[in-house]
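The values are calculated or read from the model by the stated rules, or taken from the named source; none is laboratory data. Here the structure is a predicted model, which is why all the values come from computation and not from measurement. Glycine also receives a Cβ, built like all others from the backbone with ideal geometry; neighbour counts cover every protein chain displayed.
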Amino acid sequence: MSEPKLSHSSTDELDTIPDTSSPAYASQHPLTRAFDKFASLVTRWAGSPAAFCLAVLTVVAWIVTGPIFHYSDGWQLVINTGTTIVTFLMVFLIQQSQNKDSVALHLKLNELLSSHRAASNQLIGIEDASEDELRRLAAAYLRLSTRQPEDATSAMPEEVSTYEMTLRGG
């Protein structure tokens, strides 16, 4: 006896799942997982009152030592070098956390879109579209929002539906 074939609807696969090179996929590599945990920990700490107080104390200590070092070039170089290094490293840590937060937010929005019958599921994964495609789609939605209620024959104008189909390769 053969197993029954399962029929798949067009919503089973949405062609909007990012590929494995996307930040939407967490790598299983231990180094990547460790970096993710470290970045989350550091960015949470960097936004804390304790981190701000430490930064203020560092600047105050630097200012207080100015007369001791006669406001020399070396004295100025210490604060310039220190702030440059911290800023440079924090950019990467904050970007890692921002990427993760962005993916989580997109997943939550995708869930809301997919759970609401009247919403267009074609917009799930739209964050992967080019900037030009997003601008054209935004313009179509702007035109939709300025229509008079009696002019709107459907919730989704034809130009948006057609454009969404082209975004998805349909």
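Assorted remarks:
- Against the test of being surrounded by 13 or more Cβ atoms within 10 Å (Cβ to Cβ), modelled with pLDDT of 95 or more and out of contact with any Lys or Arg (no Cβ under 7 Å at 6 or more places or on another chain), the options Q76, Q98 yield a single qualifying residue, Q76.
- Candidates I85, I79 - the one that is out of contact with any Phe, Trp or Tyr (no Cβ under 9 Å at 6 or more places or on another chain) and part of a helix (DSSP H, G or I): I85
- Residue pairs whose Cβ atoms lie under 6 Å apart, sitting 6 or more positions apart in sequence or on different chains, and linking a residue in the range 43-68 that is assigned by TED's automatic domain parsing to the domain that holds V86 and free of Cβ contacts under 8 Å to residues at least 12 places away in the same chain to a partner that is surrounded by 11 or more Cβ atoms within 10 Å (Cβ to Cβ) and among the small types (G, A, S), are W45/A51.
- N110 passes every criterion in (1) touching a helix residue (DSSP H, G or I) at 6+ places or on another chain (Cβ under 9 Å); (2) part of a helix (DSSP H, G or I); (3) more than 30 Å from L144 (Cβ to Cβ) apart from (3).
- Yes/no for L167 being out of contact with any helix residue (DSSP H, G or I) (no Cβ under 7 Å at 6 or more places or on another chain) and either at pLDDT 85 or above or over 30 Å from K37 (Cβ atoms) (or both): no
- Scanning the range 122-135 for residues that are surrounded by fewer than 17 Cβ atoms within 10 Å (Cβ to Cβ) and in a helix (DSSP H, G or I) gives D128, E131, D132, E133, L134, R135.
- Residue selected from the range 55-113 under the condition under 34 Å from the mean Cα position of the chain (by Cα) and among the charged types (D, E, K, R), by the criterion farthest from K37 (Cα to Cα): E111
- Considering D73, D101, D128, the condition of being of a type in the set (D, E) and not assigned by TED's automatic domain parsing to the domain that holds V42 is satisfied by D128 alone.
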